[in-house]
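Below: one structure, written as structure tokens.
Taken together, the values in this text are just the output of simple stated rules run on the coordinates, not laboratory data. All values reported here derive from a predicted model rather than from experimental measurement. Virtual Cβ from ideal backbone geometry, glycine too; neighbours counted across all protein chains shown.
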Amino acid sequence: MSHRRIILECGTGNDLYGEDYTKAACRAVQDALHHSSLQLFRTLGLDRDAMRVTITIGVQRPDAVDRDTVASEVPYGQASVEVRRGGLDVPDADTGAPTVIATAAVAASVDLPDGRYTLPAPAPVP
């Protein structure tokens, strides 16, 4: 068996007034999850709780993100969170306080039996 990525979704989230990087990161993860369907687990007979979920967050202040809180947004599998410098802080012209914008990449991988769930080689182009 080999561990293979089967889902990659991206999302964005923000905190308009509170300068809360964790809240923006959680919203970015929720946005990514809303783009995805786990129907393939039922269809292929895979255990959704056995998947590994790797979350990469981009924000301007990575140290301000609570990784455990972000990981708790994932309903299935074992989640790990990496936070990097990215996203945006957009200052409010009147107050100077930033709107925090986070980006998220959510990747799910599972152990797949070797030789199963593979695509055939493409036909040669004439």
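Observations on the structure shown:
- The chain: antiparallel DSSP beta bridges as a percent of all, rounded to 5: 75 percent
- Spin-label pair D63/Y76, simplified geometry with 7 Å Cα→Cβ offset, distance in nm: 3.8 nm
- Vicinal HN-Hα couplings computed from phi for the range 24-34 (Karplus, 6.51 cos²θ - 1.76 cosθ + 1.60; Hz; Gly/Pro x): 4, 5, 4, 5, 5, 5, 4, 4, 4, 5, 6
- Residues with amide H under 5 Å from that of T99, placed H, sequence gap 5 or more: V90, D92
- Karplus-derived 3J(HN,Hα) values for the range 7-22, using 6.51 cos²θ - 1.76 cosθ + 1.60 with θ = phi - 60°, are 9, 9, 10, 10, x, 10, x, 8, 10, 6, 10, x, 6, 9, 5, 5 Hz; glycine and proline are entered as x.
- Computed lengthening from R48 to R85, 0.36 nm per intervening residue step minus Cα-Cα distance: 10.3 nm
- For the chain, modelled as a GNM whose springs connect Cα atoms under 10 angstrom apart, the maximal fluctuation among T22, T56, T95 occurs at T95.
- Remark: the chain carries a charge dipole of roughly 640 debye about the Cα centre, counting +1 on each Lys and Arg Cβ and -1 on each Asp and Glu Cβ.
- Three-way shape label, the range 53-126, alpha-carbon gyration tensor, a/c 1.5: oblate
- Here the Karplus curve 6.51 cos²θ - 1.76 cosθ + 1.60, taken at θ = phi - 60°, turns the phi angles of the range 37-43 into couplings of 10, 9, 4, 4, 5, 5, 4 Hz, with x standing for Gly and Pro.
- Most mobile listed residue (A93, A79, A32) in the chain, GNM with C-alpha springs under 10 Å: A93
- Between Q39 and R4, residue separation times 0.36 nm minus the direct Cα-Cα distance comes to 10.9 nm.
- Relative intensity, log₁₀ I(q)/I(0), of the range 18-63 from a Debye sum that treats every alpha carbon as a point, q = 0.14 Å⁻¹: -0.48
- Among P98, P113, P62, the residue with the largest mean-square fluctuation in a Gaussian network model of the chain, with springs joining Cα atoms closer than 10 Å, is P113.
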